[in-house]
Amino acid sequence: MAKYLLNNFIVREFVKEALKEDIGYGDITTDYVCSYLRGDETFEVNLKTRADGIFCGRDVFKTVFDVLSDNEVEVEFFVSDGDKIKKDDILAKIKGNPRYILTGERLALNFVQRMSAIATYTKKFVDIVEPYGVSMADTRKNTPNFRMFEKYAAKIGGARLHRFNLCDCVMLKDNHIALLGGDIKKAVNMVRKENSHAHKIEVECDKIEQVKEALEAGADIIMLDNMNLDEIKKCVQLIDKKAIVEISGNVTLETLPELAKTGVDIISSSSIITKAGTLDLGFDYL
């Protein structure tokens, strides 16, 4: 199975649950059609792309048919995750029991269409910031229970991954700080007493005064939230490499070049996942 987040046993269990949801008590269309066949027929189709992009989701796609068919469907891929694909490219050949191919088709496509779209869209952002020595990162704005696939796809697109869940990193946002009367130093010091040495402390700031407080408190990461370019540049000078500088908010393909020029370390955006859509892939029957 793939690296990073997609461990075999987790993906397999996820696919099982997705198949349960999709099939219910049976694929009545396929079951009725296949009941008229001899039972030893072999069906063969190609996975084909109808758009340019970055492919992602190879092993998840294959797992759908592995779980469904118990080795009665063979999937032969001609691409790997991260490969550039061009419209009309044949990405894989699927051959075997027609009942399982027809039943698993839509779910398998749903995975690779969504994951390939995220990898493709992420790569556009990464290509813009790389020349400036800046990393592009995702956020925790994910589809519930689909996070590992979305984050994996962002990674395949070249992004650095932000925290996977709430126990990965301390992230003091505006509401946490407001709960303590707006006192950033107090918030950081309170958290540090309880925090593991292995977890960084990040503070979200939308004013320069807050950045000064976070810096004095010894925050590991300072996020500049929804600041304009002049404010970002002043903060970068103020921080002066004493903390990792992340910016977020108002990040688009159009604003990205100027943001990357400010000297920050990381630009994070939910849009690399939330606005990616799906990449047009489909089965062509031979």
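The values are calculated or read from the model by the stated rules, or taken from the named source; none is laboratory data. The shown structure was predicted, so the numbers you read here are calculated from the model rather than taken from an experiment. Heads up, the Cβs are rebuilt from the backbone with ideal geometry, glycines too, and the neighbour counts pull from every protein chain shown. Just so you know, the surface numbers come from the protein's heavy atoms only, side chains and all, with ligands and any DNA or RNA stripped out. Shrake-Rupley method; radii C 1.70, N 1.55, O 1.52, S 1.80 Å.
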- Query: Among rounded, prolate and oblate, which fits the range 55-184 when a ≥ b ≥ c are the square roots of the eigenvalues of its C-alpha gyration tensor, a/c under 1.5 means rounded, and a/b larger than b/c means prolate?
  - Reply: oblate
- Axial C-alpha extent at least 18 Å, average Kyte-Doolittle at least 0.0 - helices from the chain (DSSP): 98-129
- Task: Could you list which residues have their amide H under 5 Å from that of Leu281, counting only those 5 or more apart in sequence or on another chain, with H placed in the peptide plane?
- Result: Arg50
- Query: How far, in nm, would the chain grow between Lys241 and Asn228 when pulled straight, counting 0.36 nm per residue and subtracting the alpha carbon separation?
  - Reply: 2.7 nm
- Quotient of Cα radius of gyration and Kirkwood radius for the chain, i.e. Rg/Rh, equals 1.09
- Taking H placed 1.01 Å from N in the peptide plane, check which residues at least 5 places from Val264 or on another chain put their amide H under 5 Å from its amide H. none
- Task: For the range 188-286, just say rounded, prolate or oblate: build the C-alpha gyration tensor, square-root its eigenvalues into a ≥ b ≥ c, call rounded for a/c under 1.5, and beyond that prolate if a/b exceeds b/c, oblate if not.
- Result: oblate
- Ranked from the most accessible area to the least, with a 1.4 Å probe and all protein chains present, what is the order of Thr139, Thr255? Thr255, Thr139
- Largest-first principal axis extents, alpha carbons of the range 190-233, Å: 35, 16, 12
- Determine how many Å³ per residue the convex hull of the Cα atoms of the range 1-116 encloses. 103
- Tell me, what is the Rg over Rh of the range 156-198, with Rh the Kirkwood radius over Cα pairs? 1.09
- Per the helix-only calculation at 222 nm, which mean residue ellipticity applies to the chain, given -39500 (n - 2.57) for every DSSP H run of n ≥ 4 and division by its residues, nearest 500 deg cm²/dmol? -13000 deg cm²/dmol
- Whole-Hz couplings from phi, Karplus 6.51/-1.76/1.60, listed for the range 220-228; x for Gly and Pro: 6, 10, 10, 9, 8, 9, 6, 8, 7
- Query: Which distance in Å, rounded to a whole number, links the C-alpha centroids of the range 127-163 and the range 1-77?
  - Reply: 26
- Long-range tail of P(r) for the range 121-169 (Cα pairs > 11 Å, %): 66
- Item | Fraction of accessible area attributable to carbon and sulfur, the chain (%, probe 1.4 Å) | 48
- Going highest first, how would you order 196-209, 270-283, 29-42 by mean Cβ packing within 10 Å? 270-283, 196-209, 29-42
- When Rg is the radius of gyration of the Cα atoms in the range 1-61 and Rh is its Kirkwood radius, what does Rg/Rh come to? 1.06
- Please work out the ratio of the alpha-carbon Rg of the range 136-260 to 2.2 N^0.38 Å and round it to two decimals. 1.09
